[in-house]
Structure formats: structure tokens, C-alpha cells
1. Could you grab the Rg to Rh ratio for the chain? Cα atoms only, Kirkwood for Rh.
2. Could you tell me the relative contact order of the chain? Use alpha-carbon pairs under 8 Å, at least six residues apart, and round to a whole percent.
3. What residue among GLY151, LEU266, LEU403 has its Cα farthest toward the positive end of the dipole of the chain, where the charges are +1 on Lys, Arg and -1 on Asp, Glu, each on the Cβ?
4. Taking the chain, how many lysine pairs are there with alpha carbons less than 26 Å apart, if each pair must be eight or more places apart or span two chains?
5. Quick one: order TYR289, TYR84, TYR13 from most to least accessible surface, probe 1.4 Å.
6. Relative contact order of the range 363-431: what whole-number percent is it, with Cα pairs under 8 angstrom and at least 6 residues apart?
7. Using a/c under 1.5 as the rounded threshold, could you call the range 36-118 rounded, prolate or oblate? The axes a ≥ b ≥ c are square roots of the C-alpha gyration tensor eigenvalues, and prolate needs a/b larger than b/c, oblate otherwise.
8. Please report, in debye to the nearest 20, how large the charge dipole of the range 322-431 is about its Cα centre when each Lys and Arg carries +1 at its beta carbon and each Asp and Glu carries -1 there.
Amino acid sequence: MATAPQIQSVIDYRHLVQDGRLHGSLYTSPQIFADEMEQIFHRGWSFVAHDSEIPNTGDFVVRRVGTQSLIAVRSKDGEVHVFYNRCPHRGATLCQTSSGHRSRIACPYHAWTFALDGRLIGLPDEAAYPADFSKADAGLTPVARMDSYGGFIFVNLIPNELTLREHLGHATELIDALLGLSPTGRIQLSAGWMKHKMRSNWKMIVENQVDGYHAPMVHGSLIAANRTFATVRDRKPTSPTRVRDFGMGHSDIDHASDYRAAGDRLFRWTGGIDPERLPGYVKAMNDAYGPEDARRRLIEGPPHSMLFPNLSLAEMNIMVIEPVSPQHSIQYTIPVFLEGADDLNARTLRRCEGAMGPAGMLIADDAEIGELTQMGVANLEPEWIILSRGMGKEEVLANGVKLAGLMDETSQRGFWTHYREVMAASQEVSQ
Ligand code: FES
Ligand SMILES: [Fe+2]
């Protein structure tokens, strides 16, 4: 189990994160960034990989969570293991590629070799070690906790008091909604990840994922060029779309309320494709869920959400945010393929490339505004960022979920409220 270094910070997070305003240093301070890696990414649950990325024995992916490089690999018994990407001998990096397939894991330095379940199974000249050396004590180190929901695998490096289910809370319904678009209830993340370097703080990307305020301005050229994109959703302040704060830092833009209000039309979430062009998928959904429930699912579509701290179910894309430094992040994007929906998946891939690819029409806008915001907050004045839009007007449901208008900053405040609790509480415990 990883040990936690003592926290030296004297940063007052309850002062820096206030209801309705934030201090600009939250996006620029190296000390705050270091605290976040420790408190949020190492002590909390973070997404690491999806089950479908490593379907076969020996498949692996390498992922970064906080400052740590991790290997997620499937062993012979079908189990997924997540190990630190570090050789127990003298510390070399074991896997240097982002994904691959191996029958065993061999270290490039002195060729210690490990089974897929982490056992040390071979090393050159073993007899030279002292008598008390035991291979059983020199296997790969697994992360302290690993759990999954709907195939999404999460890790918790320094165990906190929460189970994964407690961490996800009401956000499980967002994962359920995405999986429920597949006739089998399963998705496949098999297309390969696109990787974008973003010159902005990771939290700006989180905030932007569920920001309903910026689209008409930042994506103005796309809206002007693409009538379908412009008209399929009502992007005005009067839109029936709600933003929702689910608690625990999770939030979404619930476009389903807009799609429902717009009438009984399927597939508005695909850009308005005619259902007759997807006969195989529609039939499979009807067979799986019955015509009425299938119809509801195909009207409402996928969630547009951000799960604290690094996983976005971004409609038919999955997006993962990897912090690099206070000013830099990597955004990974992959299209969601629905098992049993090959005719839709081909379109999903094209849409993902068109919106999120290297020449994509959507991500370039968001990357640029993120960079401009990062440059802006580097200026010391006016010091505070205003985040009060719609504050106090939210509808609070019996289960605590908050609803607000499309252009309100309720989703961002939901993130920051949880951020403040995590950052300040850990600090208070350590003092
Ligand atoms: S560091 Fe890995 S075998 Fe020596
Ligand atoms: Fe955007």
C-alpha cells in the first residue's frame, strides 16, 4: 500500500473556493496542483480504464492517475489487475507503450519477468541473492483498491473511507443511461484514443465539459456552418435542458429534457438521423427492451456528464482528463461503440472524428478558449473569478440533486463544492 507523505500546505481552500467565486490561483499555483494530485487523484477514486479495452488475456493499457503510472492488465483467469508501472527490483518502468498484449511482463533492465497476475516468475541468476530472498515477496505491486461499475474501472491509491458506489452516488444513473443505449447493456471502447495536449488547467476542462453557457459564443462558427447542430438543440437561456448537480462533484447537462420537450422524435442525439437508416439497431433495441422503453431510450439519448474528477461521459464519446501541470493537461477522447449497434457505431466513429479529431470542429474551439482562460488567470488582478450565475435559483430534489437552467453555473459550483470538501477536509485531518 502506498504511504502518504505529510502535507505541508497552509493553503486555505475554504477561503479560495467560496460560494459563487473562486480565487484565480486555483488554476496556476504549483502548490495547489501538488495538493490536488495527492488529495483528489491519489486519495480518491479515479477512472483508470474500461473493461472492454483489455478483453483478452494479456491485454494491457498504461494509464496515469495523478502522478502515478499504472498498468491495467487481464490475467489468465480473466481478472483485471492494476499494478504500479515500476519494477520491484530497481525501479525501472515496465511497460513503455500505452497499450499492447503480452503473455508475461518482462522488465527491460535486468529481465525480471512477471506473470500477468503480478507474480515474479523468473530472474537471471537467482542463486546470487541471499538465502532469505523470496520471489513471493518481489511481485508487482497492485493498487490499494480497485472496483468497477458498468465496466468502468476505478482505482483508489491511498484508501479513503468511501466505497466506489458511495463515490459515484447518483452518478450511477448516468452510467446506466449510457449502457442502456446498447441492446446488450454493454459498450466497447475499441476505436483507439485520441490524445490532445491542452494548454489549460485540468479543472478548466472539467468545468467546460458541463458548461451550457459558452456554446453559442465559443462554438459560433460551428453553429453557423452546421444547421443540424444549431437546430437539434435549443441553446437559448429558455431551453428546457437542465444542468444538474448530482453531488460528490458529479454533474451533467441533461439534454434529454430538451429532446422530450421537442416531441416524440428518435435520435436527435445523433444529429437527427432518420430511424429508418438504423433498422438493425432499432430492432435490437425493441427486442431487448420492448417498443415503449426502447423508444424512450432512443428519444432521451446518452448523458452529457462529468464524473469527479477525471471521467466524462460526453454523449457518444468518453473523455478522460489527465493533469500534467498547473498549466497543462491531456484530454483523451474515444467514441462509444454500443454492443449490438454496428450500423450506429460506424456513424458514431465519423461524428467523433469530425468533432473531436485533430481537425475536429468542436475540440479546437474548447482548447483555444481554455488556453485563453489559462493565460488570462495568470494575470494577478482582478484576483477572483465570478461563478454565481443562477445561484440560489436551483430546484433541489428530494434526493439532493440540484436542477438549474442550461446556462446556469450550477454544475461548476457542484464540482467546486466537492473540491473544497476534499481539499479542506484532508488538510484538516492532517493538521
Ligand atoms: S530494474 Fe527491473 S529487472 Fe532490474
Ligand atoms: Fe465547448
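1. Details: Rg = 22.7 Å, Rh = 23.0 Å.
Dividing the radius of gyration by the Kirkwood radius yields 0.99.
2. On the way: 844 pairs, mean separation 91.8, N = 431.
Relative contact order comes out at 21 percent.
3. The residue sitting most towards the positive pole is LEU266.
4. Lysine pairs satisfying the spacing and distance rule in the chain number 8.
5. TYR289, TYR84, TYR13
6. Details: 31 pairs, mean separation 14.1, N = 69.
It rounds to 20 percent for the range 363-431.
7. Verdict is oblate for the range 36-118.
8. Dipole of the range 322-431, to the nearest 20 debye: 200 debye.
The values are calculated or read from the model by the stated rules, or taken from the named source; none is laboratory data. Please read all numbers here as calculations on a predicted model, not as lab measurements. Virtual Cβ from ideal backbone geometry, glycine too; neighbours counted across all protein chains shown. Remember, those area values only see protein heavy atoms, side chains included, never the ligands or the DNA or RNA. Shrake-Rupley method; radii C 1.70, N 1.55, O 1.52, S 1.80 Å.
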